[in-house]
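Visitor: If you scroll down you'll find the structure; I have some questions about it.
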Amino acid sequence: MTLDNLPFAASAPISVSRVALKARDADALAKFYKEVVGLAEIARAPGHVTLGTGGRSLLEIEASPKAKPDDPRSAGLFHTAFLLPTRADLARWVRHAIEKKIPIDGASDHFVSEALYLTDPEGNGIEIYADRPHDQWKWNGSSVDMGTVRLDIPNLVNEVDKGDAGWKGAPENSMVGHVHLRVGKPADAERWWHEKLGFDTVAHYGDAAVFLSTGGYHHHIGANSWHSAGASRRDKDRTGLAWVELVSKEAKAEKTLADPWGTEVRVVPS
């Protein structure tokens, strides 16, 4: 995978490469990510669909028709965050969402980024966002100023004029900017990401959420216990997150790890 011309998130020593979901109806879920998120189908095999942009895989969907539905109170995926290259791209997506009447769960300005939230047909959270220029982020030592206020939708959609060509699917240099996980105890997640992968903590939301990154990004990984406090190890016989893959500029070989809740984290060399 080439990292040329990708957003700042990909310049870090370790960044997110792709996410895999286990689905009861892989075809229907793939259709949603193509029509709503704008991903392109890259490959298909029995029981498996690969979606992405620019020929790069961002999302793998694995069919598991007999799996139990995901439990939002358990450890697993809070959301997959698809990072668009520019604010204008996000504006085009918002106009697309308005035109197609796509249900939105929320819209927030996080100071470092602007984001919209939705849920796929099998209950997996999605964030679609664009970063503000990283040289405009405010830091207090090693902590980034990352809050949540209402997104100014009118201001955002005015980023592109009415004569703009509009949304044509996710641009080829889109990426999975971050993955937000449900965990039983954020402090345990924080320790694991420090010790196993050398991530830095960049923000806390009390003791219920922690945000971590490498290379000065606002976060490649989020971990919260808002609905999953005290959760035990994941039930592998459920839909939802199958694995998260990270790409590392320092890794010499592929390796697979499991966090304290059994979430599979793969690391591959860049």
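The values are calculated or read from the model by the stated rules, or taken from the named source; none is laboratory data. This structure is a prediction, so every number in the text was calculated from the model and none was measured. We place every Cβ from the backbone using ideal geometry, glycine too, and count neighbours over all the protein chains shown.
Visitor: Only one of these is more than 21 Å from ASP237 (Cβ to Cβ), at pLDDT below 95 and surrounded by fewer than 23 Cβ atoms within 10 Å (Cβ to Cβ): ASP89, ASP109, ASP4. Name it. Reasoning before the result, please.
Guide: On the way: ASP89 fails: at pLDDT below 95; ASP109 fails: at pLDDT below 95.
The conditions single out ASP4.
Visitor: Moving on. Picking from ALA115, ALA130, which residue would you name as being within 30 Å of ARG73 (Cβ to Cβ), of a type in the set (A, V, I, L, M, F, W, C) and in a strand (DSSP E or B)? Please lay out each step first, then the result.
Guide: Values: ALA130 fails: within 30 Å of ARG73 (Cβ to Cβ).
Being within 30 Å of ARG73 (Cβ to Cβ), of a type in the set (A, V, I, L, M, F, W, C) and in a strand (DSSP E or B) holds for just one of ALA115, ALA130, which is ALA115.
Visitor: Restricting to the stretch 39-85, count the residues that are among the β-branched types (Val, Ile, Thr) and at pLDDT below 95. Break it down into steps so the answer makes sense when it comes.
Guide: Initial filter on the stretch 39-85 (among the β-branched types (Val, Ile, Thr)): 42, 49-50, 53, 61, 80.
Narrowing further to those that are at pLDDT below 95: none.
Selection size over the stretch 39-85: 0.
Visitor: Can you name the residue in the stretch 9-61 that is free of Cβ contacts under 8 Å to residues at least 24 places away in the same chain and among the hydrophobic types (A, V, I, L, M, F, W, C) and, of all such residues, is nearest to ILE221 (Cα to Cα)?
Guide: My answer is LEU51.
Visitor: So, PHE78, is that one touching a residue at least 60 places away in the same chain (Cβ under 8 Å), part of a strand (DSSP E or B) and closer than 11 Å to GLY240 by Cβ or not? Give the steps one after another, and end with the answer.
Guide: Details: touching a residue at least 60 places away in the same chain (Cβ under 8 Å): yes; part of a strand (DSSP E or B): yes; closer than 11 Å to GLY240 by Cβ: yes.
So PHE78 passes the test.
Visitor: Then there is this: Going by what's in this entry, would ARG132 be described as out of contact with any Cys (no Cβ under 9 Å at 6 or more places or on another chain), closer than 27 Å to ALA203 by Cα, among the basic types (Lys, Arg) and surrounded by 11 or more Cβ atoms within 10 Å (Cβ to Cβ)? Spell out the reasoning first.
Guide: On the way: out of contact with any Cys (no Cβ under 9 Å at 6 or more places or on another chain): yes; closer than 27 Å to ALA203 by Cα: yes; among the basic types (Lys, Arg): yes; surrounded by 11 or more Cβ atoms within 10 Å (Cβ to Cβ): yes.
So ARG132 fits the description; yes.
Visitor: Of the residues that make up the stretch 146-160, is at least one surrounded by 13 or more Cβ atoms within 10 Å (Cβ to Cβ) and among the hydroxyl-bearing types (Ser, Thr, Tyr)?
Guide: Of the stretch 146-160, the ones surrounded by 13 or more Cβ atoms within 10 Å (Cβ to Cβ) are 146, 151, 153, 156-157, 159-160.
Then drop every residue that is not among the hydroxyl-bearing types (Ser, Thr, Tyr), which leaves none.
There is no residue in the stretch 146-160 that is surrounded by 13 or more Cβ atoms within 10 Å (Cβ to Cβ) and among the hydroxyl-bearing types (Ser, Thr, Tyr).
Visitor: Then there's this: Is it the case that some residue within the stretch 29-39 is within 20 Å of ILE102 (Cβ to Cβ) and in a strand (DSSP E or B)?
Guide: For the stretch 29-39, residues within 20 Å of ILE102 (Cβ to Cβ) and in a strand (DSSP E or B): absent.
Visitor: Then there is this: Is the stretch 192-208 home to any residue that is surrounded by fewer than 16 Cβ atoms within 10 Å (Cβ to Cβ) and at positive phi?
Guide: Within the stretch 192-208 (the criterion being surrounded by fewer than 16 Cβ atoms within 10 Å (Cβ to Cβ) and at positive phi), the answer is yes, since at least one residue qualifies.
Visitor: Give me the pairs: first residue in the stretch 160-176 and free of Cβ contacts under 8 Å to residues at least 40 places away in the same chain and of a type in the set (Gly, Ala, Ser), second residue surrounded by 12 or more Cβ atoms within 10 Å (Cβ to Cβ) and not in a loop (DSSP other than H, G, I, E, B), beta-carbon distance under 9 Å, and six or more apart or on different chains, which are they?
Guide: Matching pairs, first to second residue: ALA165/ARG92.
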